[in-house]
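For reference, the structure discussed in these notes is given below.
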Amino acid sequence: MGTNTPSYNNDDRGRHQEELRELPNGRGKAALDDRDAAHAAELLSLAQDQMLVNQALVEKIFALEQAEGALRSSEHKLHELLAHQLATREDERKRISQELHDSLGQNLLALRIDIVMLHQHTTKRHYRLRDRIGSALDNVDVTLRTVKELMGELRPSCLELGLHATVEMELRKFTRASGIACELGVGSGIPDLVLGEEEVLTVHRVLQECLNNVFRHSLASRVAVRLDAAGDMLSMRIIDNGIGFDPAAPRKPSSFGLLDLHERVARHGGELIVRSERTHGTEVMLGLPIAPACPNASTAHTFR
Ligand SMILES: Nc1ncnc2c1ncn2[C@@H]1O[C@H](COP(=O)(O)OP(=O)(O)O)[C@@H](O)[C@H]1O
Ligand SMILES: [Mg+2]
């Protein structure tokens, strides 16, 4: 207790009362009454202070509860907004890809047919014109390839081929572009598993971002991907043998890849777990609820 705080020790109080009673002419009793009144006033003032403190505490708790509620509601809104933004972005990509296919792609194909015909009907005597038509044809072919690549980046063309084919094609593409060997292992239910395009797209986007991270950050020489379906859950593991990182470290302000994946997967009721340790590689585990049920077994292919 502080030095200014009154002490209510019962022994002291008894001794003081005895001393006061011994004073002559009733002065002792009057002094005793004064003393009790002072104690009562002090107690009252303390009780009032305590009530004020209690009231302030109740107000603070109430304000904190309100702030917590507002925070939870704004967090919920943020998740809804992100989910909406992701859905809108995918719809927009699909629309642009369709547009590229229907207008630009089809027109380029028609143009190519005309150029091929022109090329065939130009005799060797007009060799300069034939050369020009030949280079026009090359240009159209390059542009067609670019359009196809753009369409693939916007929305993978293999989605309708199913999960297994989509993952296989993505890994082949990655190995060709990066030189990093990938091994794919699949449970027995995977080759025949029929999923909706949106589910395949979610798995594809996760795989794409993880492979992108392997290429950009990991210095890995190998990647192992494992697909399994058990009951109503699909799981995909992507493991690299690279330098790893600390997943608990604060996110770089410009890094949104993994954050985006967490939102995307959560939107489908799934879960994404990232395990990594410096110099011990990285493992990303995707768990996604699916409609059909499939048993588990193993097959493996390697792409080089
Ligand atoms: N496979 C990996 N190997 C090593 N580091 C990784 C790997 N995946 C992610 N990281 C680290 O996590 C960070 C965040 O990744 P991400 O959210 O995809 O953002 P970005 O790739 O744009 O930096 C990366 O900057 C990198 O430091
Ligand atoms: Mg990334």
Long-range neighbours under 7 Å by Cβ, at least six apart or interchain, first residue in the same structural domain as E283 (by TED's automatic domain parsing) within the stretch 244-263, second among the acidic types (D, E) and away from ligand 2 (no atom under 12 Å from the Cβ)
G244/E277
Filter the stretch 205-236 for residues that are more than 16 Å from ligand 1 (Cβ to nearest atom) and either modelled with pLDDT of 95 or more or of a type outside the set (D, E, K, R) (or both) and give the result.
L227, D228, A229, A230, G231, M233, L234, S235
So V58 passes all but one of these: (1) loosely packed, with under 12 Cβ neighbours inside 10 Å; (2) in contact (Cβ under 8 Å) with a residue 24 or more places away in the chain. Which condition number does it fail?
(2)
Give the stretch 266-276 a look and list any residue that's closer than 17 Å to C210 by Cβ and either more than 9 Å from ligand 1 (Cβ to nearest atom) or touching a residue at least 60 places away in the same chain (Cβ under 8 Å) (or both), or say none.
A266, H268, G270, E271, L272, I273, R275
Looking at G244, is it within 16 Å of ligand 2 (Cβ to nearest atom) and either closer than 26 Å to A83 by Cβ or surrounded by 15 or more Cβ atoms within 10 Å (Cβ to Cβ) (or both)?
yes
Residues that are over 25 Å from I96 (Cβ atoms), surrounded by 14 or more Cβ atoms within 10 Å (Cβ to Cβ) and among the small types (G, A, S), drawn from the stretch 135-174
A136
Need the failing condition index for N212 against (1) part of a helix (DSSP H, G or I); (2) touching a strand residue (DSSP E or B) at 6+ places or on another chain (Cβ under 9 Å), just the number.
(2)
Take the stretch 192-210 and flag every residue that is near ligand 2 (Cβ under 10 Å from one of its atoms) and either buried (at least 19 other Cβ atoms within 10 Å of the Cβ) or among the β-branched types (V, I, T) (or both).
C210
Considering only the stretch 237-257, state which residues are under 23 Å from E90 (Cβ atoms), in contact with a Cys (Cβ under 9 Å, 6 or more places away or on another chain) and not small (G, A, S).
I238
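So, V167, is that one within 30 Å of D192 (Cβ to Cβ) and at pLDDT 95 or above or not?
Numbers: within 30 Å of D192 (Cβ to Cβ): yes; at pLDDT 95 or above: yes.
Considered against the rule, which asks whether it is within 30 Å of D192 (Cβ to Cβ) and at pLDDT 95 or above, V167 comes out as yes.
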Look at the stretch 237-265 and say how many of its residues are in a loop (DSSP other than H, G, I, E, B), more than 9 Å from ligand 1 (Cβ to nearest atom) and under 28 Å from E75 (Cα atoms).
3
Could we say that V225 is in the same structural domain as P247 (by TED's automatic domain parsing), under 16 Å from M285 (Cβ atoms) and either within 16 Å of ligand 2 (Cβ to nearest atom) or part of a helix (DSSP H, G or I) (or both) here?
no
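The values are calculated or read from the model by the stated rules, or taken from the named source; none is laboratory data. A quick note: this is a predicted structure, and the numbers were derived from the prediction, not measured. Virtual Cβ from ideal backbone geometry, glycine too; neighbours counted across all protein chains shown.
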